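The values are calculated or read from the model by the stated rules, or taken from the named source; none is laboratory data. Predicted model only: the values in this text are computed from it and were never measured. Cβ placement follows ideal geometry from the backbone for every residue including glycine, while neighbour counts extend to all protein chains displayed. Note: accessible area is taken over every heavy atom of the protein model, side chains too, but ligands, DNA and RNA are not part of it. Shrake-Rupley method; radii C 1.70, N 1.55, O 1.52, S 1.80 Å.
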Amino acid sequence: MTTRADHPKTRQVFEYAPGSEYLDDPVQGELMHLNVGPQHPATHGVLRLEVDLDGETMHNVVPVVGYLHRGKEKTCETLGWHKFFPHTDRLDYVQPLLNNTAYALACEELAGIEVPERGQVVRVLLMEISRIAAHLIYLGTTAIDLGAVSIFFATFKEREKIYTLLDAYSGHRMNNTYIRIGGVFADVEESVAQLFDEFLDQFPAAIDGFETFLTGNRIWHDRNRDVGVITREDALAWALTGPNLRGSGVERDLRKVRPYSGYETYDFEVPVGTVGDCYDRYLVRIEEMRQSTRIAKQALARLATTKGADVIAEDRRYVLPPKDRVHSSMEELIYQFKVVTDLRLPKGEAYHAVESSKGELGFYVVSDGSSNPVRCHIRGPGLYNVQAIPLLAEGRLFSDMMAIIGSLDFVMGEVDR
Amino acid sequence: MGSLKPVEEQTDSGFFATKVDWLVNWGRKNSLWPMPLGLSCCGIELMAMIGPKFDIARFGAEAARFSPRQCDLLIVAGTLTWKMAQAARTIYDQMPEPKWVIAMGVCSSSGGMYDSYAVVQGVDSILPVDVYVPGCPPRPDAVIDAILKLQKKIERESPMKTLFEGPEVHDERGTGLLEFQPNRGLVKTDLDLHPHDPRARAAEREETSP
Amino acid sequence: MSSHHTPAHVAGHTASKARADGLLAAFEPRPVATRCGTPSYVVAREVVHDALAALRAGGYEVLSFITAVDRLSIADGRVPQGRARFLLVHQIEVLDTAEAVRVETELTEADATAPTVTDLWPGASFMEREVYDMFGIRFDGHPNLTRLLMPDGYGHHPLRKEFPHQGIEPDRLYREWDERRRAQDPSVPPEEQAPSPFQRR
């Protein structure tokens, strides 16, 4: 039987009654099995955690996932390459355009086509705006889970501004599906670029506002400092990526290590933590929002200089023809039809990963040259963030669980796919 | 021409009863406390609706208590999978009467874009739904419109009749698909435990050892 | 400038190929061409764990993903000539450069087992559980090989090609049972009709 001595991380707060040192003894044992979820306000979606509690101390946390498994990988095999784009939106649904771009990049690797420069710039702009939106969700939901309710409303106010931007640009507030193989569906017009500019001008002041509330806050420090510490070795061993890895001092950002979409030409820094606790990950994400603003402003400046250029490649085998020509020419109409219903990517396999707000989001696509994909595996970083919950929660108090879940920052659409 | 009876005789309630009905319905419709079953992307739009711009607090519905025992409006926001179906039904059963259900988004209305092996094709397979809101995700304005339509539906109810004659009994709410216990039929276990009870999982693991 | 094959990528691919060739020489790898340029090798199932351990010791510290590919063709129900049905894919990467390598193993349907790599990377636990759940490939030595995404006790492996996209149960199985029940002779008493597939036995 397990005794307290077997759990070295348990902090002994007071003397336990004699005979109760056997934790899982059915008669005298002290472990209570608590089921958290799958419906719970603070598990960031439908995650179920089975926790053995010794008083308030957690042991043996077992995460159970799959409550949002919608069969996306099978769906790609049935639908086809082009029709899968809306499904990629709904993976990590707080940053839809980033997921779209990751999938489009993997398909472009297979197809071997080139995205024009202006298309890459628009993609970078949209990706960074999506990253900001995702980190705002992180901040709002983690803060409200730890009791700071007003931050939730403040971050959602900023998110509404982003929604207004994306609504003006693409017609949808979220789940935009505005990226296509070969580029972007439509160009960013002057008026829309103006809106982006206004948002990005006022956004650093908003981040300053969040930091005023939280960064020096005694309660935030007490809840987050030295909670959920991930060491460098653990982070690499548990396949963590993104801010979870960078918070532990590992400087790995796919935008710098294996750049894509022209990221090597942008001027930005990658924030890295030191201790690896929840507070470090919070600081990393705040700074990433600032750096994303910086990159997005550079992208907007490039948009101003490349006016009139194409935003999507011209390759009738894989890329949709321009809509005005589709409406007037028979051949273009047929190409459009074939791309949507019968897109054939060349035989082979490819993997492409992007740096999403949660970590390394990658698509491993295998094609045999027919119109039915052989395999589309989605490497969602959220699944491995969830996998790290038992590691961080062992021996901690139960109230730290919400800080740990919030700081690991996963979205169940990507965990379960 | 059929017999035309005065309204009071038709519904078998008098002037006083209809006024009490109106008052009770007015109270209920203006304090619909939502139970957000935020399963996926629609949950984000649900949060945006509770947020500052769309603000369902205007309709008395900002008290989103996450305990079903304290709510009367279940908003199923997101895709319901077969793995989650039992939990969703349990939450619905735990809500006290009167209760209403809004199926937010196409995934909960009809399965949405997911006609796959893991997705329930519409939450009305397992729950009775009052208002369906299409959209993927629906704008928060659309869900507020659904709440307004639900308020109009509540105005037409007759709580005095329920008080005196008892509630209408719906045995087979939904199509009864859940009575057949999806995915449980394959498990050979003699224990009749709640699905979330760990002893059931341990028994399943022993029987169907992988 | 190619957006996919930037100088960093190309340098990474070349360096990775040189490094991986050296580390994998003892394991008789068969190179596979990929369209993303990442060096990719097929090794035998018996040596895949040691190959990955050697690569890890040689600098490939980051485990990117583990997944499998079912190469059964739905059109003719057969596997491509001379190939095994399943291809188990591991991708691992170097931490601070663009070097990556993909190690693949072929597994037949009759003997779909592979060694686990959870001793090298504990984070492979969920990855292998997902492969088991979706394909039915078992991993020897895995600490907790249970289903991850589908409910415990689910009887099928969804990503296998013969599994229908819309699923088999519960609703489809129920519908098919219901149709059979309705199609049966009404003169047959209910006890002798086909039992419900959902009845507890």
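Things worth noting here:
- Peptide A:348-356 has a mean shielding of 5, counted as Cβ atoms of other protein chains within 10 Å of each residue's Cβ.
- Rounded FRET efficiency, nearest 0.05, which uses the C-beta distance separating A:S371 from B:F16 and R0 of 60 Å: 0.30
- Among A:182-190, C:18-26, the order from most to least packed when residues are scored by Cβ within 10 Å on average: A:182-190, C:18-26
- Averaged over peptide B:105-112, the number of partner chain Cβ atoms lying within 10 Å of each residue's Cβ comes to 1.
- Solvent-accessible area buried by A and C, counting both chains, probe 1.4 angstrom, square angstrom: 4300
- When the square roots of the Cα gyration tensor eigenvalues are ordered a ≥ b ≥ c, the ratio a/c for the range A:193-292 is 1.5 or more and a/b does not exceed b/c, which makes its shape oblate.
- Across chain A: Cys residues that no other cysteine approaches within a C-beta distance under 4.7 Å: A:C107, A:C278
- Here the Karplus curve 6.51 cos²θ - 1.76 cosθ + 1.60, taken at θ = phi - 60°, turns the phi angles of the range C:93-106 into couplings of 9, 8, 5, 10, 10, 8, 8, 8, 9, 10, 10, 10, 9, 9 Hz, with x standing for Gly and Pro.
- Förster radius 51 Å - calculated FRET efficiency between A:F153 and B:F164, Cβ distance, rounded to 0.05: 0.70
- Alpha carbon centroid spacing (whole Å) that separates the range B:109-126 from the range A:151-215: 31
- 11 Å cut-off, amide nitrogen to a point 7 angstrom out along C:L95 Cα→Cβ, residues in the range C:51-75: C:59-62
- The lysines whose alpha-carbon is closer than 23 Å to the alpha-carbon of B:K153, local same-chain residues fewer than 8 away aside, are B:K19, B:K29, B:K99, B:K161.
- Taking θ as phi - 60° and the Karplus parameters 6.51, -1.76 and 1.60, the scalar couplings of the range A:115-130 work out to 8, x, 5, 5, x, 5, 5, 5, 4, 4, 4, 5, 5, 6, 4, 5 Hz in sequence order, x denoting glycine and proline.
- Rounded tilt (10° steps) of A:278-305 against the dominant C-alpha axis of chain A: 10
- Förster-model FRET efficiency, 30 Å R0, A:T78 and C:D111, C-beta, rounded to 0.05: 0.60
- Point-to-point label distance, B:Q70-A:A304, nm (Cα→Cβ direction, 7 Å offset): 5.2
- Amide H partners (placed H, <5 Å) of B:T81, local residues excluded: B:V120
- Heavy-atom accessible surface of chain A: percent carbon and sulfur, 1.4 Å: 55
- Comparing mean-square fluctuations of A:E109, A:E160, A:E360 from a GNM of chain A with C-alpha springs under 10 Å, the top value falls on A:E160.
- Estimated inter-spin distance, A:Q202 and C:D50, nm [label 7 Å along Cα→Cβ]: 6.6
- Protein accessible surface hidden between A and B, which excludes ligands and nucleic acids, total in Å², probe 1.4 Å: 3100
- The modelled label-to-label distance for the pair A:V275/A:Q194, using points 7 Å beyond Cα in the direction of Cβ, is 4.8 nm.
- Taken residue by residue and averaged, Cβ atoms of other chains lying within 10 Å of the Cβ of C:122-133 number 5.
- Taking all protein chains into account, the per residue accessible area for chain A stands at 33 Å² (1.4 Å probe).
- Protein-only accessible surface order, largest first, of A:E332, A:E211 at 1.4 Å: A:E211, A:E332
- Nonlocal amide H pairs with A:D54, under 5 Å, H built at 1.01 Å: A:M32, A:H59
- Length added when fully stretched, A:T212-A:T231, from 0.36 nm per residue minus Cα-Cα: 4.0 nm
- The 3J(HN,Hα) values that the Karplus relation (6.51, -1.76, 1.60; θ = phi - 60°) gives for the range A:314-319 are, in residue order, 10, 8, 5, 6, 10, 10 Hz. Gly and Pro appear as x.
- Rounded to the nearest 20, the Cβ-based charge dipole of chain A about its Cα centre (Lys and Arg +1, Asp and Glu -1) stands at 940 debye.
- Buried solvent-accessible surface, both chains (B, C), 1.4 Å probe, Å² to nearest 100: 2300
- Working from Cα pairs under 8 Å separated by at least six residues, relative contact order for the range B:76-125 is 47 percent.
- Shape call, chain A: gyration tensor on alpha carbons, a/c limit 1.5: prolate
- Drop in accessible area of at least 30 Å² in the complex versus isolated chain, residues of the range A:224-239, 1.4 Å probe: A:L236, A:A237, A:W238, A:A239
- Charge tally for C:K17 (other residues, Cβ to Cβ under 12 Å; Lys, Arg +1; Asp, Glu -1): 0.
- Pairs exceeding 32 Å between alpha-carbon atoms, taken from A:K157/B:K152; A:K74/A:K323; A:K83/B:K152: A:K83/B:K152.
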